[in-house]
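Each remark here refers to the structure printed beneath this line.
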Amino acid sequence: MELGNSNELYLMACNLVKDYPQKALSWFSVGCYYYCIKKYDQSRRYFSKATNVDGNFPPAWIGYGNAYSAQDEGDQAMSIYRTAARLFPGCHLPTLYIGMEYMRTHNYKLAEQVT
């Protein structure tokens, strides 16, 4: 996704959903595809589905929050990042994205305080 290879991502997502529809990774990959092509509403739908399939899959939570953040819906993004921080206390990513969201909204003092 970070490389912008949407065609490869699409093919991988299709294969994963076909072969492993019960896995969160499959739906996460579909969400990543839609995020990559900037269809954030659809990406949120699939990130949400991934979190419903497996609530203990951190990448889906981060992707879900990022999809809200990409559409300037900071309150929703922060709520999801905070949920991820509670669910995965040893994971640094939720805290990182909370700080990044504060920076995106020019709230630098709170971004500095995030730990």
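The values are calculated or read from the model by the stated rules, or taken from the named source; none is laboratory data. The shown structure was predicted, so the numbers you read here are calculated from the model rather than taken from an experiment. For neighbour counting, all protein chains shown are included, and Cβ atoms are generated from backbone atoms with ideal geometry for every residue, glycine included.
Which residues, counting only those in region 67-115, are of a type in the set (Ser, Thr, Tyr) and not in a loop (DSSP other than H, G, I, E, B)?
Tyr68, Ser69, Ser79, Tyr81, Thr83, Thr95, Tyr97, Tyr102, Tyr108
Considering each residue of region 4-42, count those that are under 13 Å from Ala67 (Cα atoms), touching a helix residue (DSSP H, G or I) at 6+ places or on another chain (Cβ under 8 Å), not in a helix (DSSP H, G or I) and not β-branched (Val, Ile, Thr), and give that number.
Number of matching residues: 1.
For Tyr40, work out the one condition from (1) more than 13 Å from the chain's Cα centre (by Cα); (2) of a type outside the set (Gly, Ala, Ser); (3) at negative phi it doesn't fulfil.
(1)
Please work out which residue is nearest to the chain's Cα centre (by Cα), limiting yourself to region 44-89 and to residues that are within 17 Å of Gln22 (Cα to Cα) and β-branched (Val, Ile, Thr).
Of everything passing the filter in region 44-89, Thr51 is nearest to the chain's Cα centre (by Cα).
Within region 90-115, which residues are over 17 Å from the mean Cα position of the chain (by Cα) and either loosely packed, with under 14 Cβ neighbours inside 10 Å or without any contact (Cβ under 8 Å) to a residue 24 or more places away in the chain (or both)?
Once the filter is applied, which keeps residues that are over 17 Å from the mean Cα position of the chain (by Cα) and either loosely packed, with under 14 Cβ neighbours inside 10 Å or without any contact (Cβ under 8 Å) to a residue 24 or more places away in the chain (or both), region 90-115 yields Gly90, Met103, His106, Asn107, Tyr108, Lys109, Leu110, Ala111, Glu112, Gln113, Val114, Thr115.
Looking at region 41-57, which of its residues are surrounded by fewer than 19 Cβ atoms within 10 Å (Cβ to Cβ) and at pLDDT 95 or above?
Asp41, Gln42, Arg45, Ser48, Lys49, Asn52, Val53, Asp54
Got at least one residue in region 93-114 being more than 25 Å from Asp41 (Cβ to Cβ), out of contact with any Phe, Trp or Tyr (no Cβ under 6 Å at 6 or more places or on another chain) and among the acidic types (Asp, Glu)?
Among the residues of region 93-114, at least one is more than 25 Å from Asp41 (Cβ to Cβ), out of contact with any Phe, Trp or Tyr (no Cβ under 6 Å at 6 or more places or on another chain) and among the acidic types (Asp, Glu), which makes the answer yes.
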